[in-house]
Amino acid sequence: MAEVASAVVIGGTSGIGKAIALRLALAGAQVIVAGRDAARGEAVAAEATRLGAPLARFVAVDVAEPDQVEALGRRVEDAMGIPEVVVNCAGILQSGKHVLDQDLAEDERIWRINYRGTLVGAQVFGRMMKRAGRGAILNVGSLASFAPLSLPSYTPGKQAVQALTGILAAELGPHGIRVNAVAPGYTLSDGLQARIAAGERDPDAILDTTALKKFVAPQDVAEAALFLCSPRAASITGVTLPVDAGWLVQAPYAHYLRGNPIRKGQQDE
Ligand SMILES: NC(=O)c1ccc[n+]([C@@H]2O[C@H](COP(=O)([O-])OP(=O)(O)OC[C@H]3O[C@@H](n4cnc5c(N)ncnc54)[C@H](OP(=O)(O)O)[C@@H]3O)[C@@H](O)[C@H]2O)c1
């Protein structure tokens, strides 16, 4: 039997969401791939079929429009019944800037997609799962969920996603629904590759900020996502799991070392 029978991956047309959709397909799940870009979405659905998904379809949705997420819910239920899993992966990245320079139109757009999109996805599919008395919701946080990164709209939004994950887990647990999040580190997704190509992220400097001295692969995040959504994580809910190549430990360790260097031959007293 498949580890996960049915799933919808919102933001499954590219990058991390695409890797999650394909990993679920490989595990034998029926998969609905949702996002705005039909050409990329249809291609992911075709690849999911090739990997063994018994049903794989693209459904167009803009998560900034709550009505469209409601319509997605109806399309999903018609196609596969109430899905066992929903992954809220739609999101946009931000260029670094100071809070005092933050443009409010950009702020509103980022919140609408990254936070409200996650909220509405959890509401639409959470209500359906409550009827079924089971389910797993997976949100996508970030390193920004844990640290004050210089991304004045993205960071607060991702901290809010972590908070929302905890509240949802507490409220939906009694209905047999688990709610977790993954927090990817620097992940070589299509989105991040575009930022690197535009000169907005420095790949060499990034490697140095991780304990493992590497980027996270989208497939690494997908493995964690499958685990959290599968019965193997039956007693895990409310967590935000970093998949970060050791960024969260490396950053404070390196900072501390700058002020308190370990000298050669130094002995404890
Ligand atoms: N890459 C990283 O280093 C990293 C690190 C931490 C967290 N994350 C998070 O991981 C998630 C995926 O990012 P990624 O790096 O994989 O970027 P990506 O390759 O650009 O993928 C972004 C996905 O979000 C979808 N999306 C964006 N706006 C949407 C909207 N309004 N409605 C519906 N779908 C929308 C895109 O689909 P369409 O274009 O088809 O709409 C695409 O499938 C985001 O939540 C991001 O914050 C990424």
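Values in this text are rule-based calculations from the coordinates and carry no lab data. The shown structure was predicted, so the numbers you read here are calculated from the model rather than taken from an experiment. Every residue, glycine among them, receives a Cβ derived from its backbone with ideal geometry; neighbour counts consider all protein chains shown.
Couple of notes before you dig in:
- Largest GNM mean-square fluctuation among Glu65, Glu223, Glu106, using the chain with Cα springs under 10 Å: Glu106.
- Distance between modelled label sites at Leu55 and Ser95, nm, 7 Å Cα→Cβ extension: 4.3
- Relative contact order [Cα under 8 Å, 6+ residues apart], the chain, whole percent: 18
- Crossing angle, helix 66-80 versus the chain [Cα axis fit, 0-90 degrees, rounded to tens]: 60
- Helix 247-259 and the longest principal axis of the Cα set of the chain meet at an angle near 10°.
- Cα-based shape type of the stretch 34-82, given that a ≥ b ≥ c are square roots of the gyration tensor eigenvalues and the cut on a/c is 1.5: oblate
- Most mobile of Ala197, Ala60, Ala245 in a GNM of the chain (Cα contacts under 10 Å): Ala197
- Gaussian network model of the chain, springs between alpha carbon atoms under 10 Å - residue of Ala45, Ala132, Ala29 with greatest fluctuation: Ala132
- Sorted fewest first by neighbouring Cβ atoms within 10 angstrom, His255, His175 come out as His255, His175.
- Amide H to amide H, with H built 1.01 Å from N, Thr240 comes under 5 Å of Ala181, counting only residues 5 or more places away or on other chains.
- Taking amide H atoms as placed 1.01 Å from N in the peptide plane, the amide H of Val59 lies under 5 Å from those of Val33, Ala34, Gly35, each 5 or more residues away in sequence or on another chain.
- Computed over the stretch 1-79, the convex hull of the alpha-carbon atoms projects to a mean area of 4.6 nm².
- Take every pair of alpha-carbon atoms less than 8 Å apart whose residues are at least six positions apart; their mean separation over the length of the stretch 131-226 yields a relative contact order of 29 percent.
- Sorted from greatest to least, the principal axis extents spanned by the alpha carbons of the stretch 30-117 come out as 50, 25, 21 Å.
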